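Heads up: the structure comes next, in structure tokens.
The values are calculated or read from the model by the stated rules, or taken from the named source; none is laboratory data. Just so you know, these numbers come straight off a predicted model, no measurement behind them. When we count neighbours, we look across all protein chains shown, and the Cβ atoms used for this are built from the backbone with ideal geometry, even at glycine. The protein model used for the area step is the full one, side chains on, heavy atoms only, and it has no ligands, DNA or RNA in it. Shrake-Rupley method; radii C 1.70, N 1.55, O 1.52, S 1.80 Å.
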Amino acid sequence: MAYLLEKLRKILNNILLIPLFYIQRPWLTHRGLRLLKRFDQTHEAEDLDSAISQIRRLVSLCPNGSTRATSLDLLSTAIRKRFDQGGKVEFIEEEISMHRETLKLRPIGNPDRLISLNNLSEAIRVRFEMLGQPGDLEESIDYGRQGLALEPSDPDQRAKSLSSLGIALCMHFEHNGEMDDLESGIKYFHQALDLRPVGHPKRRAVLSDLATSMRTRFRETSDMNDLMKAVAFGRDALDGCPVDDQQRPLIIGNLASALLTRFTQNGSLEDLEESIDLNRQALASQPLGHPDRPLTLGNLPIAILFRFGETGRTEDLEDCIQLFRESLLLFPEGHPDRAMALSNISSAILARFQQAGRIEDSDEGINILRETLHLLPNNHPYRAESLMNLAAAMLQRFELAPTVEALDEVVALDKEALEVLPPNHTYRATVLHSYAEALGRRFKLSKDIGDLARAVTLHEEALELWPPGHPEHCTSLKDLAMIIVQRFEQSGDEGDLKKALELITNAEEELPADHPKHTDIRVALATVLLRLHSIDTSDNHDSDYPSKAFNLFENAVNHSSASVKARFTAALEWISKAREYRHTSIIQAYTVSLTLLTRFLVATPSVELQHKFLRSTSTIPKTLASDAAAAAIDAEQLDVAIEFLEQGRSMLWSEMRNFRPPLEQLREVNTTFADELQKLTTQLEHQATSVEAPSMLNESPIPVEVRQKNHRILSERLDGLLGQIRKLEGFANFLSTVPFHTLRAAAAEGPIIVINVSQYRCDAIVVYYSCDPGLVHLPDIDISTLAESASHCSDPKSTKAGDFSKRLRQILQALWKTVVNPIVDFLAPTLPLKSRIWWCPTSYLCAVPLHAAGPYLPKQRNLPDLFVSSYTSTLSVLISARAQRAETVVKDLFVIADVGKPGSEIPSVQEELRRIQMHNQAAYLAFGENANKNNILTCLPQYRWVHFACHGHREQESFHSWFQLYGNDRLELIDLIHARLPNAELAFLSACHTAAVDVQGTPDEVIHLASALQFCGFGGVIGTLWAMADIDGPDVADDFYGSMFPENGSAANFRNSAVALNNVTKEMRKRKVPLDRWVNFVHIGA
């Protein structure tokens, strides 16, 4: 027994002498592998963290040698799984560090050295994809070549070497353009594929990489066999990929890219839709931080943008811009792929410019493209594409500012692109087409016949590269046809016109029935038919050409698949040709154009953006409504002329009024509809009146595309609801275009003189309540002289000191002679003296004082001596002002005054307040610290009348015009728009520029402080056309409120305000007040 105990003691001592490592290593290895396997099944971060912790302990127990190298390999595998989850660069940095150490532990001759070379090459390449440091890619290729040179017997390791080096070489090609790199990469992929037989778990990755490289080679060579193979390889890769494979999103994305490229060649919408669907699947599997998310974020919006080009769906454009902006954040300055990300987002922004015409989009897109070009060296493979994109953007911008210099830059950009591109490059046809378009436009300006001849040749070359079935083939046919028409105009060769007809007919016939490009092509076809009609004198003359042409115009405009902008542009061309050929469809063309204009405009999410658009765009003729009215007058349809002017002028105010619908009658019939309508219109009004500026919380402004998307969704819901409401009995015309028989109600208290100023004819239409409108032709109006007069009135300071009154007298005399006197002669036989009349002017007449016109000669009466004048921007506004007003005996008056700072008070304002209180002691005076924006906006709803005695300031951006309050506080026009004032009746604006019109931008929109108060609910508003003399404030207030609050205690009625103002100006004239000081005051409304 003692012997056995001694032997057992020795055995235990020997066990204790065994290093702890030899006992723990198998257990730690097994534990780590088991946790990694469980993580692959559950994707629980806790399992991965535990695995890494166990393997780190294992590595710490292995000081050196092959055991440490093997343990580091296992730890690097776990760290890569963590990187795949979060995409943090520190994870890949740690992995690279481990591979470098492992490589040192496996010197040349070590059988496992290839494993370390492959791992290190691949990890460094991944870091390059994240950070874009060129040295990483070069180092990755170097390690890959070292591994490939070892020629291992293990086919799996050799396949890995081939694939990894192939990927790195293809990336190298993307950044230096060396075709040898691409060809070598494809060769290595094929060799790797031979070593990965069908069923091998890693075969799918090689197939996917091979598909991508074949698509890249197609882009360079245009060999369709490469593209078809790319799609086939991509499908094989996806078919062999399990649903839960971590590489599945990348494989899906590669197939999606191949399908998108094939769509660009064959126009198959099935390929396009599948590409979008696959990209969405990939993105859904790549959470924030996933290393492959940037790639998918770039690819998905490109596909969506192509679909927008095919369908014109606004929601597609909104989505792709949002995705591109998210993608750009992942490519900071210095990243080699930032140029591509910039190029992508510029494409979407410029597409939005084409759709909506916002100059800001054009500016942003061009600036981004210039930055992109700056980032790409001359030998970069994407430089040609960048040159092409910038040229296309400049060509679009040319339409807004047509100059030869702009076209010269486009030509230079396209020439450089052609020099860079190989003969068979995919983009060559696109560049040829752009080059031809630029030369064609330059010919129109320079008349250089060489430009025209070269343009025809380039269009023909582009057409050869876009065979039938290519998405751009029909566009190429159309544009070649139109340049040949230009050649006909120079040569007179009728063969050119017949050739153009053949080309454009082919383009029309090859498109599917619902294709959006039908609109542009039908317009071009109609143009060619009309030109043939004008010159064809042969026996084969087709007298039906005009009928066919104008049917084509109608079909083009009503083609619902096309964008609103394309249809609106087609309507303008229809109008132009209808005028040229004196065709009876011109009224129909104008009707459709004004309807489309409304839809075109309201797609912009706020009235401020809409106003900027109207002021700056050349897409919309500023005289469209007036020209439409002129056409209706020519056709002796005066009622239609009024309807055109009502629909096409003051559109911004009209849209916002629709956001405040009359709900009382609707609520009596259907409470649910009324509540939903109130909710939707309130949301739309809030968005429409939002200001384009960052918030006060230092947040970024909401991107335009987000606001557009929200606006579109709400608008679509509103349209659907209105469709239901209009089915109710008695609501068929609810919030729709107001017909003339309703509009004439505006003349219930006196005639309304609508003066239409058009390049085609100028007339006054006198609208009566109970009889047909009358027409006064005004042939002596000269628009250029009128514009000059409006400019003087808009900015009196531009006239030499002391000369404005003299110049104003001349303007008033000219207005009397050319405009007002013929109208007075028409009215005089039936309208008693001192009757009220309302002026509803258009164009530059909105900015001149029609109410004060006269001969200004001894013993002759001027207009103020004959009638009491008021203004209204539209008939609908006047109807609204009257419909909601009633007489009242309450004399509540809210007076807002800026009396100046203590110690520097403004005497005239203090005296003005004193005079007002003489007539209404109950008036609430807000001055000093009480004259602040918050207090004013709180008090305004409580009062019927308001009087502003402060400085008014007009801004170029009219929605930011403002009243100056105490302590430099300001009350802006946009603030007033938000107000809802149920008790409002009369507003007197004793301030400067409160009724001044934007002469240079959009006079017909009539956006000023006075119109804002009228929108808020004030039935009558008194404003000023220019700067007001401070000394006039007290006397004007005294005379005005003396008339409004008679001493006999009779009811104070805001509808007496026009007569009261007429009496005020009469008193001023008696006091010999200078002409410009009394003419300044105008009455607007009921």
**Asked** Can you name every residue in the range 555-569 that is part of a helix (DSSP H, G or I) and under 18 Å from residue 505 (Cβ atoms)?
**Response** 555, 556
**Prompt:** Filter the range 26-60 for residues that are surrounded by fewer than 17 Cβ atoms within 10 Å (Cβ to Cβ) and aliphatic (A, V, I, L, M); which is modelled with the highest pLDDT?
**Reply:** 45
**Asked** Which residue out of 138, 94 is within 23 Å of residue 184 (Cβ to Cβ) and open to solvent by 20 Å² or more (accessible area, probe 1.4 Å)?
**Response** 138
**Complete:** Of (1) more than 30 Å from residue 954 (Cα to Cα); (2) within 37 Å of the chain's Cα centre (by Cα); (3) open to solvent by 50 Å² or more (accessible area, probe 1.4 Å), residue 723 fails just (3)
**Asked** Checking residue 469 against (1) assigned to a helix (DSSP H, G or I); (2) open to solvent by less than 70 Å² (accessible area, probe 1.4 Å); (3) in contact (Cβ under 8 Å) with a residue 24 or more places away in the chain; (4) not polar (S, T, N, Q), which single condition isn't satisfied?
**Response** (1)
**Prompt:** What is the residue count in the range 75-91 for residues that are open to solvent by less than 30 Å² (accessible area, probe 1.4 Å) and either without any contact (Cβ under 8 Å) to a residue 24 or more places away in the chain or on the phi < 0 side of the Ramachandran plot (or both)?
**Reply:** 6
**Asked** If you take the residues in the range 625-658 that are surrounded by fewer than 21 Cβ atoms within 10 Å (Cβ to Cβ) and among the hydrophobic types (A, V, I, L, M, F, W, C), which one is modelled with the lowest pLDDT?
**Response** 656
**Prompt:** Has the range 182-200 got at least one residue that is open to solvent by less than 40 Å² (accessible area, probe 1.4 Å) and at pLDDT below 90?
**Reply:** no
**Prompt:** Just one of the numbered conditions (1) open to solvent by 20 Å² or more (accessible area, probe 1.4 Å); (2) under 21 Å from residue 495 (Cβ atoms); (3) modelled with pLDDT of 95 or more is not true of residue 545; which one?
**Reply:** (3)
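Sort out which residues of the range 823-876 are surrounded by fewer than 17 Cβ atoms within 10 Å (Cβ to Cβ) and either in contact with a Leu (Cβ under 7 Å, 6 or more places away or on another chain) or not in a loop (DSSP other than H, G, I, E, B) (or both), and write them in order of number.
Narrowing the range 823-876 to residues surrounded by fewer than 17 Cβ atoms within 10 Å (Cβ to Cβ): 825, 828-830, 832-835, 855-861, 865.
Hits for the range 823-876 are 825, 833, 856, 865.
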**Message:** Regarding the range 123-134, can at least one residue be identified that is hydrophobic (A, V, I, L, M, F, W, C) and touching a Lys or Arg at 6+ places or on another chain (Cβ under 6 Å)?
**Reply:** no
**Request:** Mind checking which helices (runs of 4 or more DSSP H) fall wholly inside the range 917-1023 and carry at least 3 residues that are surrounded by 18 or more Cβ atoms within 10 Å (Cβ to Cβ) and either among the β-branched types (Val, Ile, Thr) or modelled with pLDDT under 85 (or both)?
**Result:** 973-978, 1009-1016
**Request:** Within the range 399-455, track down each residue that is surrounded by fewer than 20 Cβ atoms within 10 Å (Cβ to Cβ) and among the acidic types (Asp, Glu).
**Result:** 399, 405, 408, 409, 416, 419, 448
**Prompt:** Take the residues of the range 1054-1079 that are without any contact (Cβ under 8 Å) to a residue 60 or more places away in the chain, on the phi < 0 side of the Ramachandran plot and not in a helix (DSSP H, G or I): which is most open to solvent (accessible area, probe 1.4 Å)?
**Reply:** 1071
**Prompt:** From the list 214, 228, 171, which one is surrounded by fewer than 18 Cβ atoms within 10 Å (Cβ to Cβ), among the aliphatic types (A, V, I, L, M) and assigned to a helix (DSSP H, G or I)?
**Reply:** 228
**Prompt:** Residues 209, 223: which one is surrounded by 21 or more Cβ atoms within 10 Å (Cβ to Cβ), among the acidic types (Asp, Glu) and within 21 Å of residue 173 (Cα to Cα)?
**Reply:** 209
**Message:** Looking at residue 1051 and the list (1) within 46 Å of the chain's Cα centre (by Cα); (2) of a type outside the set (D, E, K, R); (3) open to solvent by 20 Å² or more (accessible area, probe 1.4 Å); (4) under 23 Å from residue 923 (Cβ atoms), which single condition is not satisfied?
**Reply:** (1)
**Message:** Quick check on my filter: what residues within the range 341-365 are in contact with a Ser or Thr (Cβ under 8 Å, 6 or more places away or on another chain), at negative phi and crowded, with 19+ Cβ neighbours inside 10 Å?
**Reply:** 341, 342, 343, 344, 345, 346, 350, 353, 355, 356, 358, 365
**Item:** Any hit, the range 477-486, residues being touching a residue at least 12 places away in the same chain (Cβ under 8 Å) and open to solvent by 60 Å² or more (accessible area, probe 1.4 Å)
**Value:** no
**Asked** Which ones in the range 411-451 are among the hydroxyl-bearing types (Ser, Thr, Tyr) and either closer than 24 Å to residue 471 by Cβ or in contact with a Phe, Trp or Tyr (Cβ under 8 Å, 6 or more places away or on another chain) (or both)?
**Response** 426, 427, 430, 434, 435
